[in-house]
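The values are calculated or read from the model by the stated rules, or taken from the named source; none is laboratory data. All figures in this text were calculated on a predicted structure; none of them were measured in a lab. Cβ sites come from the backbone with ideal geometry, for glycine too, and all protein chains shown count toward neighbours.
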């Protein structure tokens, strides 16, 4: 992995649980990745409009607009439609996974079944492509 | 209640027979008086006697028949009444049964909804704890002394077990509701087996259990019509049980082969085995063998139930052979179906 290449790409974490968001941020920073965090869709929108984002890690259950609705919005917007989105949620039924992938997410992570280290590994793998 | 359906028939043949006898008797009496006694009075008496006999019989017969008919009518009315009553009871029972079924379905759905919501709500804080322990174990966070490391590792294992338990409950809720979706497609099965083996290696090492794994090379091995996630769950469950119920220093064999249009997986351990008397309950929900509870207090008894359901859905079979205190062998066969090696 070329750290300089990753530095050019910012990871946006949309996660309403501040503690889990901080654990993820901490792990990403260990890999020299640039991180932006939002706890709701409104904040995430502002970040995307203000700077280039390399990848989005998106929770589904969020205050206000939910993650799936935001994902649809992202995919309809020419500015954001090419940003890869990984859903990171504790909703883990096959129906929910299928729905997320059908809406354009490139992957679906059930948080309880993984660790921040594995998430970082997955994200860097996608960024390197 | 059994309904008497027999009805008494009017004895027509008997009636005709009696008429004939009566007329014949009258003719004989008439002939006797006419040819032997002759006088007109005697003739009249004989005619009267014959008429009395005839009309007497008629009266007797019809009265009897009317009485019989009346009795039969009453019986039929009672039978109709009984039938109506039974019909009303059946309709009432059917309505009650429908209401009870509806209520049960509602309760069942409420139970499943509750399990799904509870599972999601429980997962979130457990994820926080799991990720915290993972961060503490991360060398980048800072060094831990061996005691601290061991405590956190045990905590992490407990959390992972709890998350697995929630997943099991969710899966069972989905199975019960018929909502467990299967995405069966033609794909390789061997990587799933390897992944399941990776999942038990740490626990097997800790118990100094020897693993003898024979998984063929991917090249040339046929793809199979399976749901990858569910099949991985099958391997993971069977291997996890094998490690859990095999004493320290034991042995586990796991091999996969192709056999007569099917993929065959054999998981054999030198563990505590299953008591013969309890083998038939092995794949029932919430069942845990008595000796298993003694070895491993945690466990829901849902794993093998799910495994069986998944294998059934793939059109496969699972067989178990076990001798208590010597070991257990599970043989899983899944048909390749239309899939052929490329």
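Quick look at the values:
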quantity: Members of segment B:104-144 found to be buried (at least 17 other Cβ atoms within 10 Å of the Cβ) and more than 10 Å from chain A (Cβ to nearest Cβ), listed by number; calculated: B:112, B:115, B:136
quantity: Failed criterion for residue A:108 (all others in (1) within 14 Å of chain B (Cβ to nearest Cβ); (2) farther than 24 Å from residue B:170 by Cα; (3) in contact with a helix residue (DSSP H, G or I) (Cβ under 7 Å, 6 or more places away or on another chain) hold); calculated: (2)
quantity: Where residue B:213 falls short, out of the listed (1) part of a strand (DSSP E or B); (2) within 17 Å of residue B:167 (Cβ to Cβ); calculated: (2)
quantity: Qualifying residue in segment A:94-104 (condition: touching a strand residue (DSSP E or B) at 6+ places or on another chain (Cβ under 6 Å), crowded, with 20+ Cβ neighbours inside 10 Å and at pLDDT below 90); calculated: yes
quantity: Whichever residue in segment B:288-335 is assigned to a loop (DSSP other than H, G, I, E, B) and free of Cβ contacts under 8 Å to residues at least 24 places away in the same chain and, among such residues, is nearest to residue B:169 (Cα to Cα); calculated: B:301
quantity: Those residues of segment A:26-56 which are within 26 Å of residue A:99 (Cβ to Cβ), in contact with a helix residue (DSSP H, G or I) (Cβ under 7 Å, 6 or more places away or on another chain) and part of a strand (DSSP E or B), in sequence order; calculated: A:36, A:37, A:38, A:55
quantity: Residue B:147 within 13 Å of chain A (Cβ to nearest Cβ), loosely packed, with under 13 Cβ neighbours inside 10 Å and over 26 Å from residue B:253 (Cα atoms); calculated: no
quantity: Test: residue in segment B:318-327 that is within 21 Å of residue B:226 (Cα to Cα) and either modelled with pLDDT of 90 or more or not assigned by TED's automatic domain parsing to the domain that holds residue B:239 (or both); calculated: yes
quantity: Restricting segment A:79-95 to residues that are assigned to a loop (DSSP other than H, G, I, E, B) and within 14 Å of chain B (Cβ to nearest Cβ), the residue that is nearest to residue A:25 (Cα to Cα); calculated: A:90
quantity: Matching entry among B:233, B:238 (being touching a residue at least 12 places away in the same chain (Cβ under 8 Å), within 26 Å of the chain's Cα centre (by Cα) and away from every other protein chain (no Cβ under 14 Å)); calculated: B:238
quantity: Top-ranked residue of segment A:31-63 - restricted to ones that are touching a residue at least 40 places away in the same chain (Cβ under 8 Å) and within 18 Å of residue A:128 (Cβ to Cβ), ranked as farthest from the other protein chains (Cβ to nearest Cβ); calculated: A:52
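Rundown of residues vs (1) within 26 Å of residue B:282 (Cβ to Cβ); (2) in a loop (DSSP other than H, G, I, E, B), yes/no style:
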{"residue": "B:152", "(1), (2)": "no, no"}
{"residue": "B:167", "(1), (2)": "yes, no"}
{"residue": "B:171", "(1), (2)": "yes, no"}
{"residue": "B:175", "(1), (2)": "yes, no"}
{"residue": "B:182", "(1), (2)": "yes, yes"}
{"residue": "B:205", "(1), (2)": "no, no"}
{"residue": "B:222", "(1), (2)": "no, yes"}
{"residue": "B:230", "(1), (2)": "yes, no"}
{"residue": "B:243", "(1), (2)": "yes, no"}
